[in-house]
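Undergrad: Quick one: the structure is below, and I'll ask about it shortly.
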Amino acid sequence: MARLLISAAHKSSGKTTITLGLCAALRRRGLAVQPFKKGPDYIDPMWLSRAAARPCHNLDFQTQRETEIRDTFTRYPADVRIIEGNMGLFDSIDVEGRHSNAALAALLQTPVVLVVNVLGMTRSVVPIILGYQHFDPSIRIAGVILNSVAGKRHEERLREVFARYIDIPLLGCIHRDPKLAISERHLGLVPSNEAVEVDTKLDYIAAAIERQVDLEQLMAIARSAPALPAALGATAPVPSRHSGVRIGIARDAAFGFYYPGDLERLQEAGAEFIGGGFPETHMAALEANAGLRQEIHAAIEAGLPAYAECGGLMYLSRSIRWGEKSCAMVGVIPGDIVMYEKPQGRGYVQLRETGHNPWPGAGAPAEFFAHEFHYSMLENLSPGLTYAYDMLRGTGVDGRHDGIVYRNLVANYVHLRDVEGYHWTRRFVDFVRLCSRRQREAGIA
């Protein structure tokens, strides 16, 4: 099972661009590349999915057990598996590093390729790499890619330094090139479903990687990874045998934040499903489509089971205001969205069910983890709203609650993930099926 974890000395080292280029370049060579992203991210995985032409799956210590991470990692057959790390190699939410990229590499017995930004450095790169190498010798840093190399002379000097002081293979030197950059906004990269000429950009990045990285040596390192125990493997998800339920998913430039694993579990379910995204950047177009807004409003008022996260919640509000501009939205949620320059809710959250969630689920856990990242807040909210969750940690709607419950709608800022600790998709599907049965019995459908 050939595999690599691409990590970095620190954030903003160019790791994502290089990982994208590696996925695209290896795919262009005819390899089946399965991408993964560490942590609770949507935007990088969208780009990685496009580069590899396969859905990118997330591996997250906070929401998944170790066995679930391993099963997710081994579930999808491929010629090579590539994990993009987050932050630096040893960064973690705890001081022991139990949630770090290094911990993930250890769990999956995966060689690490370290990306180092060498802007303004030559010999100074040595203590950085040696420090990473010796901080935890159990982690196999099997290769290094240097980024932001100034030019040919800079590369020659760096290679001399490497040859003299460092015993890790230098896999490539990526020269500084503004055309390799991907525009940033909000929590990271522009989603690939929204960027213009995405494939042209990926082709350019792939070509740069092919010129400047030794892909044969990189693949030799990937293939040197030890075999994972057979018991860790898992079969592909089995579709539900239930029928008669159809799902509607908003998936376009405005709404695009979905975990592929969650979508797999919703294949044969059905209801209005509006995911996260950046609706504020398309709010004029969303306002202009008055027919759709009215139809969604009427459907939810009539009892259509619906679930919305973050951008979906924003769309279902009365309006979105960004700077001096305000646009009307669906109007089901009695509040107005206001955009801010800084994040209003960010990071992992811990929630506890209030008992008001309409989804069936006896024995559901009282508390669970999720994540949020939003630059907006709901303001001018009507009093007396019903909430599905109490916020034990995080911001949610008002710092204390999240998951607005209205008729058969649940709408929250937090992003849920269907994992062993919280199978929200199963409960939502059961609720959809229950609502459908009630309508049939009442002679409505």
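The values are calculated or read from the model by the stated rules, or taken from the named source; none is laboratory data. Not measured: the values here are computed from a predicted model. We place every Cβ from the backbone using ideal geometry, glycine too, and count neighbours over all the protein chains shown.
Undergrad: Quick check: anything in segment 337-351 out of contact with any strand residue (DSSP E or B) (no Cβ under 6 Å at 6 or more places or on another chain), aliphatic (A, V, I, L, M) and either modelled with pLDDT of 90 or more or under 29 Å from Glu68 (Cα atoms) (or both)?
TA: At the first step, the residues of segment 337-351 found to be out of contact with any strand residue (DSSP E or B) (no Cβ under 6 Å at 6 or more places or on another chain) are 340-343, 347.
Adding the requirement that they be aliphatic (A, V, I, L, M) leaves none.
The answer is no, given that none of the residues of segment 337-351 is out of contact with any strand residue (DSSP E or B) (no Cβ under 6 Å at 6 or more places or on another chain), aliphatic (A, V, I, L, M) and either modelled with pLDDT of 90 or more or under 29 Å from Glu68 (Cα atoms) (or both).
Undergrad: Now, a different point. Please state which one of Arg54, Arg140, Arg65, Arg123 is of a type in the set (Lys, Arg) and under 26 Å from Phe369 (Cα atoms). First the steps, then the outcome.
TA: Details: Arg54 fails: under 26 Å from Phe369 (Cα atoms); Arg140 fails: under 26 Å from Phe369 (Cα atoms); Arg123 fails: under 26 Å from Phe369 (Cα atoms).
So the residue among Arg54, Arg140, Arg65, Arg123 that is of a type in the set (Lys, Arg) and under 26 Å from Phe369 (Cα atoms) is Arg65.
Undergrad: Only one of Gly312, Gly277, Gly256 is touching a residue at least 12 places away in the same chain (Cβ under 8 Å), surrounded by 16 or more Cβ atoms within 10 Å (Cβ to Cβ), of a type in the set (Gly, Ala, Ser) and in contact with a Ser or Thr (Cβ under 9 Å, 6 or more places away or on another chain). Can you tell me which?
TA: Values: Gly312 fails: in contact with a Ser or Thr (Cβ under 9 Å, 6 or more places away or on another chain); Gly277 fails: in contact with a Ser or Thr (Cβ under 9 Å, 6 or more places away or on another chain).
Answer to the check: Gly256.
Undergrad: Just checking, which of Glu280, Glu287 is among the charged types (D, E, K, R) and either touching a Phe, Trp or Tyr at 6+ places or on another chain (Cβ under 7 Å) or within 20 Å of Phe428 (Cα to Cα) (or both)? Give the steps one after another, and end with the answer.
TA: Numbers: Glu287 fails: either touching a Phe, Trp or Tyr at 6+ places or on another chain (Cβ under 7 Å) or within 20 Å of Phe428 (Cα to Cα) (or both).
When all the criteria are applied, what remains is Glu280.
Undergrad: Follow-up question, since we're still on this one. Does any residue of segment 34-43 turn out to be on the phi > 0 side of the Ramachandran plot and either in a loop (DSSP other than H, G, I, E, B) or surrounded by fewer than 18 Cβ atoms within 10 Å (Cβ to Cβ) (or both)?
TA: yes
Undergrad: Got at least one residue in segment 329-346 being touching a residue at least 60 places away in the same chain (Cβ under 8 Å), among the aromatic types (Phe, Trp, Tyr) and in the same structural domain as Thr281 (by TED's automatic domain parsing)?
TA: Scanning segment 329-346 turns up no residue that is touching a residue at least 60 places away in the same chain (Cβ under 8 Å), among the aromatic types (Phe, Trp, Tyr) and in the same structural domain as Thr281 (by TED's automatic domain parsing).
Undergrad: So, one more: Return yes or no: is Ala52 of a type in the set (A, V, I, L, M), crowded, with 22+ Cβ neighbours inside 10 Å and assigned by TED's automatic domain parsing to the domain that holds Gln217?
TA: When the stated conditions are applied, Ala52 passes them.
Undergrad: Let me ask something else about it. Which of the following residues is over 19 Å from Leu218 (Cα atoms) and more than 22 Å from the chain's Cα centre (by Cα): Glu160, Glu66? Even if it seems obvious, please write down each step before you answer.
TA: Values: Glu66 fails: more than 22 Å from the chain's Cα centre (by Cα).
Criteria check complete, one pass: Glu160.
Undergrad: Among residues belonging to segment 247-265 that are part of a loop (DSSP other than H, G, I, E, B) and not acidic (Asp, Glu), point out the one that is farthest from Pro35 (Cα to Cα).
TA: Top of the filtered list is Ile247.
Undergrad: A further question follows. Do we have Ala366 as among the small types (Gly, Ala, Ser), crowded, with 18+ Cβ neighbours inside 10 Å and either outside the structural domain of Lys38 (by TED's automatic domain parsing) or under 26 Å from the mean Cα position of the chain (by Cα) (or both) here? Don't jump to the end; show me each part of the working.
TA: On the way: among the small types (Gly, Ala, Ser): yes; crowded, with 18+ Cβ neighbours inside 10 Å: no; either outside the structural domain of Lys38 (by TED's automatic domain parsing) or under 26 Å from the mean Cα position of the chain (by Cα) (or both): yes.
It is false that Ala366 is among the small types (Gly, Ala, Ser), crowded, with 18+ Cβ neighbours inside 10 Å and either outside the structural domain of Lys38 (by TED's automatic domain parsing) or under 26 Å from the mean Cα position of the chain (by Cα) (or both).
Undergrad: Test Pro77 against the criterion of being more than 14 Å from Ser7 (Cα to Cα), surrounded by fewer than 24 Cβ atoms within 10 Å (Cβ to Cβ), touching a residue at least 40 places away in the same chain (Cβ under 8 Å) and in contact with a Pro (Cβ under 7 Å, 6 or more places away or on another chain), and give yes or no. Working first, answer last.
TA: Values: more than 14 Å from Ser7 (Cα to Cα): yes; surrounded by fewer than 24 Cβ atoms within 10 Å (Cβ to Cβ): yes; touching a residue at least 40 places away in the same chain (Cβ under 8 Å): yes; in contact with a Pro (Cβ under 7 Å, 6 or more places away or on another chain): no.
No, not satisfied.
Undergrad: Going residue by residue through segment 78-97, is there one that turns out to be within 22 Å of Gly347 (Cα to Cα) and assigned to a helix (DSSP H, G or I)?
TA: Our first condition is that a residue be within 22 Å of Gly347 (Cα to Cα); within segment 78-97, this holds for 83-97.
Okay, now just the ones that are also assigned to a helix (DSSP H, G or I), so none.
No, segment 78-97 contains no residue that is within 22 Å of Gly347 (Cα to Cα) and assigned to a helix (DSSP H, G or I).
Undergrad: Can you say whether Glu287 is modelled with pLDDT of 95 or more and either assigned to a helix (DSSP H, G or I) or under 28 Å from Cys56 (Cα atoms) (or both), as far as the supplied structure shows? Steps first, please.
TA: Numbers: modelled with pLDDT of 95 or more: yes; either assigned to a helix (DSSP H, G or I) or under 28 Å from Cys56 (Cα atoms) (or both): yes.
Against the criterion (modelled with pLDDT of 95 or more and either assigned to a helix (DSSP H, G or I) or under 28 Å from Cys56 (Cα atoms) (or both)), Glu287 qualifies.
Undergrad: Shifting gears a bit: Would you pick out the residues in segment 387-419 that are under 22 Å from the mean Cα position of the chain (by Cα) and loosely packed, with under 15 Cβ neighbours inside 10 Å?
TA: Arg393 - this is the single residue of segment 387-419 that is under 22 Å from the mean Cα position of the chain (by Cα) and loosely packed, with under 15 Cβ neighbours inside 10 Å.
Undergrad: Run Gln294 past the list (1) within 20 Å of the chain's Cα centre (by Cα); (2) modelled with pLDDT of 95 or more; (3) not in a strand (DSSP E or B) and report the number of the one that doesn't hold.
TA: Tallying (1) within 20 Å of the chain's Cα centre (by Cα); (2) modelled with pLDDT of 95 or more; (3) not in a strand (DSSP E or B), Gln294 fails exactly one: (1).
Undergrad: Quick check on Tyr422: is it under 15 Å from Leu378 (Cα atoms), among the aromatic types (Phe, Trp, Tyr) and crowded, with 21+ Cβ neighbours inside 10 Å?
TA: Spelling it out, it is not the case that Tyr422 is under 15 Å from Leu378 (Cα atoms), among the aromatic types (Phe, Trp, Tyr) and crowded, with 21+ Cβ neighbours inside 10 Å.
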